[in-house]
Structure formats: structure tokens, C-alpha cells
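A.B. asks: I have a structure I would like to understand better, so I am pasting it below and will then ask my questions one at a time.
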Amino acid sequence: MNKKALAVLEYDKIINMLRDCAGSEMAKARIAMFRPSSDPYKIKERLAETTEAVAVITAKGALPVGQLYDIENALHFARKGGSLTMKQLLQVLYNMKVTGEIVSFLRSDLPELPILDGMREVLVPFPRPADRIDRCILSEDEMADSASPELKDIRRSIVRQNEAIRNRLNQILNNRDNQTYLQDSLVTMRGGRYVVPLKAEHRAKMPGIVHDQSASGATIFVEPQVIVDLNNELRELELAERAEIDRILAELSSNVAEHFHELMNNQKLLIALDVMFAKGKLSCQMQAEAPQMNTDGVLDLKQAKHPLLDRKKAVPINVAVGRDYRTLVITGPNTGGKTVTLKTIGLLALMAQSGLHIPAASTSLMPIFRNIFADIGDEQSIEQSLSTFSSHMRNTVELVEKARKDTLVLLDELGAGTDPTEGAALAIAILERLSSQGAMTVATTHYNELKKYALSTPGVENASMEFNVETLSPTYRLFIGVPGKSNAFEISRKLGLPEGIIDRAGQLLERGDIAFEDVLSAIEKGYSIRHDAFGMTDYYKTWEKGFASSWNFKRPVLMEGGWITAAHHRYWIDSSGKYREGHSEDVRRGEYEASKEAHVNMMDLRINDEVASWFSLAFDLVKGFVAEGGYRLYPSEVSVPERVRRGADVRVRSVWNNIGW
């Protein structure tokens, strides 16, 4: 995968979240090396692993992996005949115990899980070697007396010898003749041998071996001659103890070496299980699902959320590319969610191809990309003398050169940062080239030229981010098939910009741009209507009554903010925007007259599935209004007729979901 895309889409943050879910450092190190795969079989297997881990976590909780130890070097050393330390043997013991616990955990109260069942079958617990190590070693630096009968006997002799030496020294200290020579009446040790503190000037008064002196030189530490033999015997016992401990460690190490291959395989499986359940934990944290991977190049995300956003606040999106079109042009206001949509698509693709569940519905479809390119964000560089446009173009040059079939290209504000006319033309040319190379492209823009290009070009589709002009805030909802407005005038008006300035700005716009924006406004309003038929306002009811009574006159269909008429079996939109000043009256009188200012042939708007669904109810629903003399609730989900194609003769049947005339 393209390294820049991984960075731009913040793939590393997902990996860090996954690392935090792992228990062992080995699993975390392996996760840090994660990269998306383009192999369908590997992706399928990795997703299946995550799904099984989630099933176990849901049924019984997390796998008891804990802090696994890396015992590979210790095993190799033991295999070569080396003796392991008590610390190393305790680490081997821990892994053995974890293996036994996992085998028991996966053996009961679980559904059939092919991957986990297979891994459980090849794990070897080693209960006897584990018990032997556990019985012999108490801590990293202490072996149990019960490790062997010999060790137990030696340690008993050491205790007796220590008592004998202390008794003899106490006799020396308690002798009144020696009180004058001693610096203090206590027994201490130097170099592992018992000594007494003697005043330096009385050195000759006590025969023995000097082992040390104080910093001032006033005190010397003497091993009296009468206990030298006793100390020698104690030292011999201590050497015998050390030799017996080494023998036991060698024996335990030899037992470990006998199971070298099984223990090595266990470690690999334990790391794999740790990684597997880290993926499961992350899936549960994100409330994620396994997408349906396909090799048909179809991306269809449903209820998808960006995984790095607060799940409670993030607005889910539905986005589809790859069936009737492979290029999607997203428009809408600034801060409306266009960039987040791009990052959501790209990051979820990377996650899915890494074997991770994605925060989207389980019915979501995800294709397998061989590469992903993303040009997102402002990469202006003073040091490299790069403007915003230049930095974007440098990235674009690379992705245009490398983009092929099975490639996802994400372009933010395509063509921005330069002259709008040239930028729009360049953007269209880039989209055409990417399309001809077979790439799947999702781009954001503010340019009307790109909106028109998407409307008129097969294989290219519009989408828009909804914006609430009343509250000056985005809703972050994505609508496919509907080009969006920048809403610059509306936002400026709400923020208090003088009306005269806004009117003048409107005059400066080309008439074609004004008409086009009005058409977009009409479509957006119609697309976003959501209300219950029983709860309609009187205003809507007036429309419906007026429309029903005039149906046989000219058969117009009223949209909020515009008109669609069936005259001559063609659709036209009146984008005059006068729907609040008299459309209902026009309908009641049956005096509909198309606007002379802005006629837009609906076929030029390339009707798609979403637009076609607006005409999904039958003429008899209109008759139902008149026959029943009132209003009734119609199904919100209806079957969509065969796709309306450019230039086709059609019969108008109705309008949007939940509103029927």
C-alpha cells in the first residue's frame, strides 16, 4: 500500500488502538508490522479470525492470554545443552500454564469455531514438566528445599554449621578477657566468612585472619583461628548447595529442551491468539462488523462511521461506488463532512484488508484494492517552496501515473488552489484519465463544472453533504445522486452580511450558474423531505388537495422548490424558487405555466436510482386522495421501477417516499 495514504488516512492510529488491546509485547510487535493485504484468501482468513474472536468474547469473555514471555532464545540455549536460569524457567512455566488455561477455555461452552478449534488441537499444555518446574523454583533467585533430597540434606547441614559457628563466636565475645580487645560485641561477616570486630591496636592479642578494616582504620575484622576450620566446612557445604542447584537447573533445562518443537509451536500459536483476540477486542470496542469482501469492485458502505471519531456523536453515512459508476463527486459546504467521508472510505478499506472489522453494517460490501492513494489536506510547504496547488499536484502526478484497476483514489478539493476555470478543467481531465485507467475515484469539490460533469457523464455520479442553513451547521449526512450547494450566500446572510452585498454578488454570477444552483436547491429540498402523512402542515395539505383536483388538466407534479411536469412525456424543472408565493394557487386553478427563465431537461440531469425512486407510487394513489377525501399513510419503502434512461419516454407515477399525489 502507498505509504503516504497510510499516513494521511491515519492508519497508524488504528494500529496503536489495536496494540493497546494486545497482552504481550510479542503480539504488540507483530501488530506494529501490520499492513493491509491485497490477497483475497488472506483477507478472508484474517476477517474470519476476528469474527471467531468476537464470538468467544461475546460468549465467555476475553481469552486468558496475559503477559506472554518470549522464550525462543531460552529454548534454543537449552536445546544446545545450556542450563537455563530460574527466571528463564519461570517464564517457560508461565507460558506452559497459559497454554493449559487456553486449551481448557476453548474446550467447552463454545459454538463450532473452525480456526480456534484447529489451533486448540495443536496446543500442547505439558502438565508434568510444568508441575516439576513449579515445585522446584520459588522465585527468580530461590530454589525450593524440596527440589531434591540432596539439596534438602545439604541445606540442613548448612543450618547446623551456622549454629555451631555462632555458638563458638559467642563464647569468644562473652569471654571477659577479650572484652578489652573487641570494638563491639557482635558477629558479622566479610567475604562469606564469620568475623569479629577487633581494635586495631590489639591485633596481636587474637590469632586469626584479617578480612577487612573500617574506613578510619581503628577497627579490623578478624576471623579467629579457632573457627577457621568451621568456616571452611561451611564454605564447602555452600559450594555443594550451589552444585546441586546447578544440577537441578540442568535437569529442568534438559526436560524443556526435549519439548523444544512443541514449546516453540506453542509460542507462535499463543502470539497468534493474542493478536487474534486483540482484533476481537477492538471490534467490540468499535461495535464493528465484518464487511462482505468482493472481487467485483463494488464498494457499498452502510451506516459507516469514522473509527477515530466519538461513536456517540459521529453521524453514519451510506456511500456506494462501483456498480453503475466508479467515480463519485462529493460537493457541499466547508466543514460539512466531505473530507471525513473520504477518510472514512479510505480508512475502512485499509482496516478491512488488514482483517479488522469496520464500524459499519454487516451488509456493507468492500472491494479488494491493490493500492490506495489519498491526496487529502493542505500540504503547503515554505521550506520546499510549494504552494497548496503545487503540493496537491505533485501528489496527483504520482497517483495518476500509478492508478490502475483495483485502485482507490481519494482526492480532496480537486483542482483547488488555482484559477477556478483552469482548476475545474484540470480536475475534469484528471477524473477522465483515472476513469479510463479503471480506478475507483472519490473526489470532493466546490466547482459547478464538476457537478455538471458528473450529471452528464456516464460512470460518474454526484453526491452531496447536507447542510442546515437555518442553524448554519452541517448534518454530515451524505446523499448519493444529488449535487450539493456551497451555500455561501445563505451562510453569509445568516451571519449578517448586508443584503445589498449578497444581491450584488448574485448579479455578478453568470445566469447559467444561478439557474444551476436553483436547480440544485430544488433537488436538495425534495430529496431531504422527511415527514409523516398524518402530521403534514396545512401548507403541504393545500398542495396535495390542489394537485389532486388538477391532475387531469396538465398532469404536473409539484416538488418543494420546483416543478416537474409530464407534458410530452418529458420532465422539466421550474427552478424559479417561487414555490412559497403561489404554486398551490397555480395548481388549484390548473394554470401551471413553466418558468421562462430556467428550463432544465431532467434527462440532462441523468436520472439515477435515487431520483427514479421519487416517482415510485402509482396514479391510483392520487385518485385515492380524492376518493377518500383525506390523507392516508403510504409505505415509506416501495419498489423502484426499471431505471429511467436518458431520453426515454416515461409515465409519471408519483414523487418522493412518504409523499404521494
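The values are calculated or read from the model by the stated rules, or taken from the named source; none is laboratory data. Bear in mind the structure is a predicted one, so any value in this text is a computation, not a measurement. Heads up, the Cβs are rebuilt from the backbone with ideal geometry, glycines too, and the neighbour counts pull from every protein chain shown. Remember, those area values only see protein heavy atoms, side chains included, never the ligands or the DNA or RNA. Shrake-Rupley method; radii C 1.70, N 1.55, O 1.52, S 1.80 Å.
A.B. asks: Does Glu49 qualify as being in contact (Cβ under 8 Å) with a residue 60 or more places away in the chain and touching a helix residue (DSSP H, G or I) at 6+ places or on another chain (Cβ under 6 Å)?
C.D. replies: Yes; evaluated as a whole, the condition is true for this residue.
A.B. asks: If you go through segment 250-287, how many residues are under 21 Å from the mean Cα position of the chain (by Cα) and outside any helix (DSSP H, G or I)?
C.D. replies: Taking segment 250-287 and keeping what is under 21 Å from the mean Cα position of the chain (by Cα), we get 271-287.
Still in the running and outside any helix (DSSP H, G or I): 287.
So the answer is 1.
A.B. asks: Just to be sure before I move on: is Leu239 under 30 Å from Arg132 (Cα atoms), open to solvent by 80 Å² or more (accessible area, probe 1.4 Å) and out of contact with any Phe, Trp or Tyr (no Cβ under 9 Å at 6 or more places or on another chain) in the structure I sent?
C.D. replies: yes
A.B. asks: What pairs come up if the first residue lies in segment 85-107 and is more than 14 Å from Glu121 (Cβ to Cβ), the second is aromatic (Phe, Trp, Tyr) and open to solvent by less than 50 Å² (accessible area, probe 1.4 Å), and their beta carbons are under 6 Å apart, counting only those six or more places apart or on different chains?
C.D. replies: Close Cβ pairs (under 6 Å, with a partner that is aromatic (Phe, Trp, Tyr) and open to solvent by less than 50 Å² (accessible area, probe 1.4 Å)) amount to Met96/Phe126.
A.B. asks: Anything in segment 285-340 that is of a type in the set (Asp, Glu) and under 14 Å from Ala361 (Cβ atoms)? List them, or say none.
C.D. replies: Glu289, Asp300
A.B. asks: Oh, and also: Mind listing whichever residues of segment 353-365 are within 15 Å of the chain's Cα centre (by Cα) and either assigned to a strand (DSSP E or B) or of a type in the set (D, E, K, R) (or both)?
C.D. replies: Ile358
A.B. asks: When segment 1-37 is examined, which residues are found to be without any contact (Cβ under 8 Å) to a residue 24 or more places away in the chain, part of a helix (DSSP H, G or I) and more than 13 Å from the chain's Cα centre (by Cα)?
C.D. replies: Passing the criteria: Lys3, Ala7, Lys28, Ala29, Ala32.
A.B. asks: To continue, here is another question. Could you please find all residues in segment 389-404 being of a type in the set (A, V, I, L, M, F, W, C) and surrounded by fewer than 14 Cβ atoms within 10 Å (Cβ to Cβ)? If you could, list the steps in order and put the result at the bottom.
C.D. replies: Taking segment 389-404 and keeping what is of a type in the set (A, V, I, L, M, F, W, C), we get 389, 393, 397, 399-400, 403.
The one that is of a type in the set (A, V, I, L, M, F, W, C) and surrounded by fewer than 14 Cβ atoms within 10 Å (Cβ to Cβ): Val397.
A.B. asks: Still on this model: So, in segment 450-485, of the ones that are open to solvent by less than 40 Å² (accessible area, probe 1.4 Å), among the small types (Gly, Ala, Ser) and under 31 Å from the mean Cα position of the chain (by Cα), which residue ends up modelled with the lowest pLDDT?
C.D. replies: Gly484
A.B. asks: Here's a follow-up. Quickly run through segment 413-449 and pick out the residues that are under 28 Å from the mean Cα position of the chain (by Cα) and either of a type in the set (S, T, N, Q) or surrounded by fewer than 22 Cβ atoms within 10 Å (Cβ to Cβ) (or both).
C.D. replies: Once the filter is applied, which keeps residues that are under 28 Å from the mean Cα position of the chain (by Cα) and either of a type in the set (S, T, N, Q) or surrounded by fewer than 22 Cβ atoms within 10 Å (Cβ to Cβ) (or both), segment 413-449 yields Gly438, Thr441, Thr444, Thr445.
A.B. asks: Follow-up question, since we're still on this one. Quick one: how many residues across segment 244-253 are touching a helix residue (DSSP H, G or I) at 6+ places or on another chain (Cβ under 9 Å) and open to solvent by less than 60 Å² (accessible area, probe 1.4 Å)?
C.D. replies: Looking only at that region, the number is 6.
A.B. asks: Next question, about the same structure. Just one of Pro64, Pro40 is more than 23 Å from Met351 (Cα to Cα), in contact (Cβ under 8 Å) with a residue 12 or more places away in the chain and not aromatic (Phe, Trp, Tyr); which is it? Walk me through how you get there before you give the answer.
C.D. replies: Values: Pro40 fails: more than 23 Å from Met351 (Cα to Cα).
After ruling out the rest, the residue left standing is Pro64.
A.B. asks: Still on this structure: Test Arg120 against the criterion of being more than 30 Å from the chain's Cα centre (by Cα) and not hydrophobic (A, V, I, L, M, F, W, C), and give yes or no.
C.D. replies: no
A.B. asks: Report every pair of residues separated by at least 6 positions or lying on different chains whose Cβ atoms are under 9 Å apart, first residue within segment 122-144 and without any contact (Cβ under 8 Å) to a residue 24 or more places away in the chain and closer than 17 Å to Arg242 by Cβ, second of a type in the set (Gly, Ala, Ser) and surrounded by fewer than 18 Cβ atoms within 10 Å (Cβ to Cβ).
C.D. replies: Taking only residues 6 or more apart or on different chains, the pairs are Leu138/Ala144.
A.B. asks: Do you know which of the residues in segment 214-240 that are in contact with a helix residue (DSSP H, G or I) (Cβ under 7 Å, 6 or more places away or on another chain) and in a strand (DSSP E or B) is farthest from Met189 (Cα to Cα)?
C.D. replies: Thr219
A.B. asks: Do we find that Pro111 is within 33 Å of the chain's Cα centre (by Cα) and touching a residue at least 24 places away in the same chain (Cβ under 8 Å) in this structure?
C.D. replies: yes
A.B. asks: Report whether or not Ala352 is more than 29 Å from Ile428 (Cβ to Cβ), crowded, with 16+ Cβ neighbours inside 10 Å and in contact with a strand residue (DSSP E or B) (Cβ under 8 Å, 6 or more places away or on another chain).
C.D. replies: Yes, satisfied.
A.B. asks: One residue is enough: does segment 173-182 have a residue meeting the conditions modelled with pLDDT of 75 or more, closer than 30 Å to Glu236 by Cβ, open to solvent by 70 Å² or more (accessible area, probe 1.4 Å) and out of contact with any Pro (no Cβ under 7 Å at 6 or more places or on another chain)?
C.D. replies: Yes, segment 173-182 contains a residue that is modelled with pLDDT of 75 or more, closer than 30 Å to Glu236 by Cβ, open to solvent by 70 Å² or more (accessible area, probe 1.4 Å) and out of contact with any Pro (no Cβ under 7 Å at 6 or more places or on another chain).
A.B. asks: If you go through segment 283-302 one residue at a time, do you hit one that is at pLDDT 95 or above and within 30 Å of His76 (Cβ to Cβ)?
C.D. replies: No: segment 283-302 contains no residue that is at pLDDT 95 or above and within 30 Å of His76 (Cβ to Cβ).
A.B. asks: Give the number of residues within segment 17-68 that are among the polar types (S, T, N, Q) and under 11 Å from Met276 (Cα atoms).
C.D. replies: So the count comes out to 2.
A.B. asks: Report, by residue number, each residue of segment 173-209 that is without any contact (Cβ under 8 Å) to a residue 24 or more places away in the chain, over 25 Å from Glu163 (Cβ atoms) and outside any loop (DSSP other than H, G, I, E, B).
C.D. replies: Lys199, Ala200, Glu201, His202, Arg203, Ala204
A.B. asks: Here's something else I'd like to know. Inside segment 303-341, can you point out the residues that are at pLDDT 90 or above, within 15 Å of the chain's Cα centre (by Cα), of a type in the set (Gly, Ala, Ser) and surrounded by fewer than 21 Cβ atoms within 10 Å (Cβ to Cβ)?
C.D. replies: none
A.B. asks: Out of (1) β-branched (Val, Ile, Thr); (2) more than 28 Å from Pro291 (Cα to Cα); (3) in a loop (DSSP other than H, G, I, E, B), the odd one out for Val65 is which?
C.D. replies: Of the numbered conditions (1) β-branched (Val, Ile, Thr); (2) more than 28 Å from Pro291 (Cα to Cα); (3) in a loop (DSSP other than H, G, I, E, B), the odd one out for Val65 is (2).
A.B. asks: Related question: Hey, among Ser148, Ser157, Ser214, which residue is polar (S, T, N, Q), open to solvent by less than 70 Å² (accessible area, probe 1.4 Å) and touching a Lys or Arg at 6+ places or on another chain (Cβ under 9 Å)?
C.D. replies: Ser148
A.B. asks: Given the conditions (1) of a type outside the set (Phe, Trp, Tyr); (2) within 18 Å of Ile358 (Cα to Cα); (3) open to solvent by 50 Å² or more (accessible area, probe 1.4 Å), report the number of the one that Pro36 does not fulfil.
C.D. replies: Answer for Pro36: the failing condition is (3).
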